[in-house]
Amino acid sequence: MLNRRTLGLALAGLPAAPAVLRAQSWTPSGPIRIVVPFPAGGTTDILARIFAQRLGDTLGPAVVENRGGGGGSIGADYVAKAPPDGQVLLFHNLTFSTTTAALEIAGRAPHRIETDFAPITLGAAVPMILLANAQVPARDLTEFVAWAKAQNPPPFYGSTGPGSTMHMISEVLKRDGQFQMEHIPFRGAAPLVQDLLAGRVVFGGDQLSSSLQHIRGGALRPIATLADRRPRVLPEVRTVREQGFPNAELLGWNGFFAPARTPAPVLERLHRELAAAARHESVASRILELGAEPGGNSAQEFGASVHNQIAAVRPLVQALNIQM
């Protein structure tokens with residue numbers, strides 16, 4: 001219960017008002033813009049639209065903006081420099097860590113994850129799947145490596161851009177498996193998968209959600225997961241660690257960020273609504289159908305996991321000389 005002093009201070013607009021009441025009182029002044037730093041059609045885009053629909057029922061209208069390019073760095077930088085008022089959010093994935101590390105090492109980083117973004121919550125945990133075109137005679141990663149070694153010229157692999165997760169992981173595989181592939185960068189997962197389906201590249205990677213239909217239809221062949229356990233919906237797909245490539249293990253995620261300096265009450269309200277959305281039956285069921293796991297953890301937990309990942313990725317990107 002508010003006492004007279006606290007109520008008087010609150011009415012005067014002074015900061016002694018309880019943070020929870022300030023968080024409850026904040027509402028967006030217009031549609032919330034959720035920036036996806038990749039083209040439409042990929043997993044991150046699909047999940048962002050699921051969350052936007054739910055936010056429309058709870059906090060107000062939310063729209064998804066696709067700002068692809070630079071392995072996700074262009075859209076991320078747009079949000080980093082947006083007004084810190086809660087109206088513009090970033091919905092990114094695990095490639096945030098690798099592209100940021102590559103830009104830092106090249107001396108061209110326009111932002112830092114740790115200082116220019118405020119983590120809000122994990123939207124969904126989505127395993128990254130290594131994929132081969134169905135015409136490639138390989139059923140797992142070991143067979144693919146043996147097949148690639150026999151090719152002259154070397155086969156092409158695709159990634160979502162220089163410095164992206166798939167770029168780094170493919171270079172790890174080449175190093176540890178002692179074979180060659182040529183890199184073809186794309187602006188996002190959706191165009192990469194289209195060229196993978198057409199056979200213009202024979203190897204690539206995608207978050208499971210947006211490639212699951214092609215896997216089930218037989219057009220793409222899953223040969224490994226980067227996660228630490230097999231996918232719930234594809235239990236026959238072994239992990240990279242199980243197949244002798246432990247250095248390629250990387251946990252997949254999709255999560256929300258706001259610009260740094262966003263006021264705490266705004267972040268608290270956004271966290272409450274987004275975490276509740278992740279756990280809502282309609283949203284959680286759709287996430288599970290996509291082969292992912294619903295999120296909704298605390299901002300501290302989410303931030304720590306992302307910061308730990310980029311700390312682990314930085315030396316690997318440097319050792320492999322991954323260039324943006």
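The values are calculated or read from the model by the stated rules, or taken from the named source; none is laboratory data. Just so you know, these numbers come straight off a predicted model, no measurement behind them. Note: ideal-geometry Cβ built from the backbone for every residue, glycine included; neighbour counts use all protein chains shown. To get the accessible areas, we keep the full protein, side chains included, count just its heavy atoms, and leave off ligands, DNA and RNA. Shrake-Rupley method; radii C 1.70, N 1.55, O 1.52, S 1.80 Å.
Note on the chain: with neighbouring protein chains present and a 1.4 Å probe, carbon and sulfur make up 53 percent of its accessible heavy-atom surface. Length gained on full extension, Lys81 to Leu320: 83.0 nm, using 0.36 nm per residue less the C-alpha separation. Which residue, Ala138, Val306, Gln213, has the largest displacement toward the positive end of the dipole of the chain when charges sit on each Cβ (Lys, Arg +1; Asp, Glu -1)? Farthest along the dipole direction, towards plus: Val306.
Per-residue packing, averaged as other Cβ atoms within 10 Å, sorts the ranges 63-73, 259-269 into the order 63-73, 259-269, beginning with the highest.
Per-residue surface analysis assigns Lys81 an accessible area of about 130 Å², computed on protein heavy atoms at 1.4 Å probe radius. Here the simple spin-label model places points 7 Å from the Cα toward Cβ, and for Gln178 and Asp57 these points are separated by 5.6 nm. Positive-end ranking of Pro31, Pro246, Leu90 along the dipole of the chain, with charges on Cβ about the Cα centre, is headed by Pro31. Rolled with a 1.4 Å probe across the full set of protein chains, the surface gives Ile287 an accessible area near 0 Å². Comparing Thr239, Thr142, Thr95 in a Gaussian network model of the chain where C-alpha atoms under 10 Å apart are linked, the largest mean-square fluctuation is found at Thr142. Dividing the helix sum by the residues of the chain, where each DSSP H run of 4 or more adds -39500 (n - 2.57), gives a mean residue ellipticity at 222 nm of -13000 deg cm²/dmol.
At 27 Å minimum axial length over the Cα atoms and a Kyte-Doolittle cut of -1.0, report the qualifying DSSP H helices in the chain, or say none.
Within the chain the helices that satisfy the rule are 299-320.
Please check which bits of the stretch 280-322 a label hung off Ala106 would reach, taking the label as a point 7 Å along Cα-to-C-beta and the cut-off as backbone N under 18 Å. Of the residues in the stretch 280-322, 313-322 have backbone N under 18 Å from the label point off Ala106. In a simple Cβ point-charge model (Lys, Arg +1; Asp, Glu -1; nothing else charged), the stretch 99-176 has a dipole of about 200 debye relative to its Cα centre. Multiplying the residue separation of Ser298 and Ala312 by 0.36 nm and subtracting their alpha-carbon distance yields 2.9 nm.
To the nearest 20 debye, what charge dipole does the stretch 165-324 have about its Cα centre, counting +1 at the Cβ of each Lys and Arg and -1 at the Cβ of each Asp and Glu?
Once rounded to the nearest 20, the dipole reads 80 debye.
Simple point charges give the picture: +1 on the Cβ of Lys and Arg, -1 on the Cβ of Asp and Glu, and for the chain a dipole about the Cα centre of about 440 debye. Measuring nothing but how far apart in sequence close Cα pairs (under 8 Å, 6+ apart) lie, relative to its length, the chain scores a relative contact order of 27 percent. Checking (i) 53, 32, 14; (ii) 39, 20, 16; (iii) 47, 32, 16 against the coordinates, the calculated semi-axes √(5λ) of the Cα gyration tensor in Å falls under label (ii). Using 0.36 nm per residue and subtracting the Cα-Cα separation, the extra length available between Ser285 and Ala198 on full extension is 28.2 nm.
Kindly provide the pair-distance distribution of the stretch 224-287 built from C-alpha pairs, with 5 Å bins from 0 and whole-percent values in order of increasing distance. Each 5 Å bin holds this share of Cα pairs: 3, 15, 16, 14, 13, 13, 12, 10, 4, 0. Heavy-atom accessible area with a 1.4 Å probe sorts Asp206, Asp140, Asp85, Asp228, largest first, into Asp228, Asp85, Asp140, Asp206.
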